[in-house]
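The values are calculated or read from the model by the stated rules, or taken from the named source; none is laboratory data. Bear in mind the structure is a predicted one, so any value in this text is a computation, not a measurement. Positions of Cβ are generated from backbone atoms using ideal geometry, with glycine treated the same way; all protein chains shown enter the neighbour counts.
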Amino acid sequence: MKLKITTITNLEFGKMVQAASQKLNQRAEFINSLNVFPVPDGDTGTNMSLSMASGAKYEREETSTQVGDLASALAKGLLMGARGNSGVILSQIFRGFSKNVAGKATLDANDLAEAFAAGAQTAYKAVMKPTEGTILTVIREAAGAGKKAAKSTDDICEVMTKVVDAAEAALKSTPDLLPVLKQVGVVDSGGQGLTFVLEAFSDALSGKIDESKDYVPDDAEMDSMIDAAHHQSVQGKLDPNDIKYGYCTEIMVRIGDGKLVDHKFDYDTFYDYLAKLGDSLLVINDDEIVKVHVHTEHPGDVMTWGQRFGALIKVKVDNMRLQQETIMEHDQEETSAENKVAAAESAQPQIDMHGYAIISVSSGDGIAKLFTGLGVTHIIAGGQTMNPSTADIVKAVNDSGAKQALVLPNNKNIFLAAEQAAEVADVPVKIVHSKTISQGMTAMLAFNPEADLEDNQAEMEDTLDTVISGQVTHAVRDTTIDGLEIKKADYMGLVDGKIVITNPDRETATLDMVKAMLDEDSELVTIIYGADATKADADKLAKAVQALDSELEIEIHEGDQPVYPFLISVE
């Protein structure tokens, strides 16, 4: 018999959100594989999965039973956890969704359809130049189908079926709307991620994900829930002797298996016994698996109890008193080291930053030192391999204690998260839209601590086009882009984000890329070598570049950056 649902309560909404988070986590690598550029990075799938996981965590922790409040929590979690452009756009979709359902205890079919439509509108407004053939097209078409369906039925399952069908059709059309997708032979990765979210919503509502069972999170989500339990139970500076239950115990049981089974699984019976053994108890199950986390003095009793219901397939026990002693010793060492650093810094003349914090995103100790040498006050670790979240940027700004801040993303996929952070930070923030490390460093030369925030942003952005940026990395798959046939493991030279050179030999690819960057006005070439290259490699490259033009000035710096053995700038 076909399931019909006319009302989404807090229970259904929670199932929808958690199912979407799980599906994105499971499909992240597939979504990543759709990236147009074959560069080795954690991109759309990783970003959307981490963003949705943050939203799902906020939704889980919201105690209200009103769907409007749960949607608001989801939107807040997505906002703070948003990574990359795809994650930010996903957060904007649910920002519009949540505002549309604010104050509603439950949702009917029309409420849901209108909420998706509001999400589409908000997402389009969030992007300065909306591009069709992307996640935006998918949400617009899906929302339109939902509104049309809600006019003729009150069955939410039926409406969601139409939403998913339209999303899938729109996704298939993305290569026809965006030529680069057709050229590479993929659909839009962000659109694929959103389609997975909508499919998970539909599955949760229709019973393909059984609504009568508790949702069983994956390991990453379980870890998040355990972290929250630890935060409530064991505070940072607690004396180890004050910890009442000293053993953090985790088990996973396959229900019904094993030689010692003498109980049929009943959640209340299983839970009540464990509740007597300790605190910070989490028990989550479906028909096959039960996951347990508890702080106790008797970990053996927890395991024995689990075996009465099934086979133990995971066991983990940590002595929290010993862990706490280690943490306190480490904190004392860090405090001592910080005091020494502070004393050394106080002996040095300090630049008056006039209340500014300058926050730069980069990977590699060497690059961090280069930025701090140019006046950057705070480094956020990240970049191509891991885009920082909105929350990461907000935290850096708020923790700086500054009166105002400038942010250098140094990667265009971080722009939207940075802009979103600027909206919610405690102090005024402006973004200098640097797309590369080289642009970020060039922008710092224009910073004036005595100028106001808007003038500094304008002056620094004016310098971005004065430098040509080159990046060398290897291909992670075979593909063809702009007439270039690229083979997996070949080296590619990217100039200002466009692949211009490919060659199986790294030195040849790098030198050919530099040739493409030089013109008659070129004066300075800066070589930053990464973790996969050496100073000798950089010196050899410098000699080859000098042979191209003896009048060029060449600088070499150690960057330690991952992914890119060489970052090259020409000015």
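Filter the strands (runs of 3 or more DSSP E) completely within the range 495-561 down to those with at least 1 residues that are in contact (Cβ under 8 Å) with a residue 60 or more places away in the chain, under 18 Å from Ile468 (Cβ atoms) and out of contact with any Phe, Trp or Tyr (no Cβ under 9 Å at 6 or more places or on another chain).
524-529
Would you be able to say whether some residue in the range 63-84 is over 21 Å from Ser189 (Cα atoms), at pLDDT below 95 and touching a Leu at 6+ places or on another chain (Cβ under 7 Å)? Yes: one or more hits.
From the list Gly497, Gly493, which residue is under 28 Å from Leu178 (Cβ atoms) and modelled with pLDDT under 90?
Just one listed residue meets the conditions, Gly497.
For the range 458-496, a residue qualifies if it is touching a strand residue (DSSP E or B) at 6+ places or on another chain (Cβ under 8 Å) and of a type in the set (Gly, Ala, Ser), and the qualifying residues are Ser469, Gly470, Ala475, Ala489, Gly493. State whether one or more residues within the range 472-490 are assigned by TED's automatic domain parsing to the domain that holds Leu511, hydrophobic (A, V, I, L, M, F, W, C) and on the phi > 0 side of the Ramachandran plot. Yes: the range 472-490 contains one or more residues that are assigned by TED's automatic domain parsing to the domain that holds Leu511, hydrophobic (A, V, I, L, M, F, W, C) and on the phi > 0 side of the Ramachandran plot.
The residues in the range 417-450 that are touching a strand residue (DSSP E or B) at 6+ places or on another chain (Cβ under 8 Å) and not hydrophobic (A, V, I, L, M, F, W, C) can be counted, and the count is 11. Applying the selection to the range 172-194, what residues are surrounded by fewer than 23 Cβ atoms within 10 Å (Cβ to Cβ), without any contact (Cβ under 8 Å) to a residue 60 or more places away in the chain and assigned to a helix (DSSP H, G or I)? Listed by number, the residues that qualify are Lys172, Ser173, Pro175, Asp176, Leu177, Pro179, Lys182. I need a count of the residues in the range 386-404 that are of a type in the set (A, V, I, L, M, F, W, C) and in contact with a Ser or Thr (Cβ under 9 Å, 6 or more places away or on another chain). The qualifying residues number 3. Looking across the range 452-484 at every residue that is more than 26 Å from the chain's Cα centre (by Cα), part of a strand (DSSP E or B) and farther than 19 Å from Asp43 by Cα, the one that is modelled with the highest pLDDT is identified as Ile468.
Screening the range 4-60 for residues that are in contact with a Phe, Trp or Tyr (Cβ under 9 Å, 6 or more places away or on another chain), closer than 18 Å to Arg83 by Cα and basic (Lys, Arg) and picking the one that is surrounded by the most Cβ atoms within 10 Å (Cβ to Cβ) gives Lys23.
Looking only at the range 269-301, residues that are in a helix (DSSP H, G or I) and closer than 16 Å to Arg254 by Cβ come to 1 in all.
In the range 344-373, the residue that is modelled with the lowest pLDDT out of those that are in a loop (DSSP other than H, G, I, E, B) and either polar (S, T, N, Q) or within 23 Å of Asn413 (Cβ to Cβ) (or both) is Gln348. Of the residues Ala228, Ala170, the single one that is hydrophobic (A, V, I, L, M, F, W, C) and modelled with pLDDT of 65 or more is Ala170. Scanning the range 369-404 for residues that are among the hydrophobic types (A, V, I, L, M, F, W, C), within 21 Å of Ile556 (Cβ to Cβ) and surrounded by fewer than 19 Cβ atoms within 10 Å (Cβ to Cβ) returns a single hit, Leu374. The requirement of being within 20 Å of Gly373 (Cα to Cα), modelled with pLDDT under 95 and small (Gly, Ala, Ser) is satisfied by Ala402.
Just so you know, in the range 43-74 the residues that are of a type outside the set (S, T, N, Q) and without any contact (Cβ under 8 Å) to a residue 24 or more places away in the chain include one that is nearest to Ala391 (Cα to Cα), and it is Tyr58. Looking across the range 279-309 at every residue that is small (Gly, Ala, Ser) and on the phi < 0 side of the Ramachandran plot, the one that is surrounded by the fewest Cβ atoms within 10 Å (Cβ to Cβ) is identified as Gly300.
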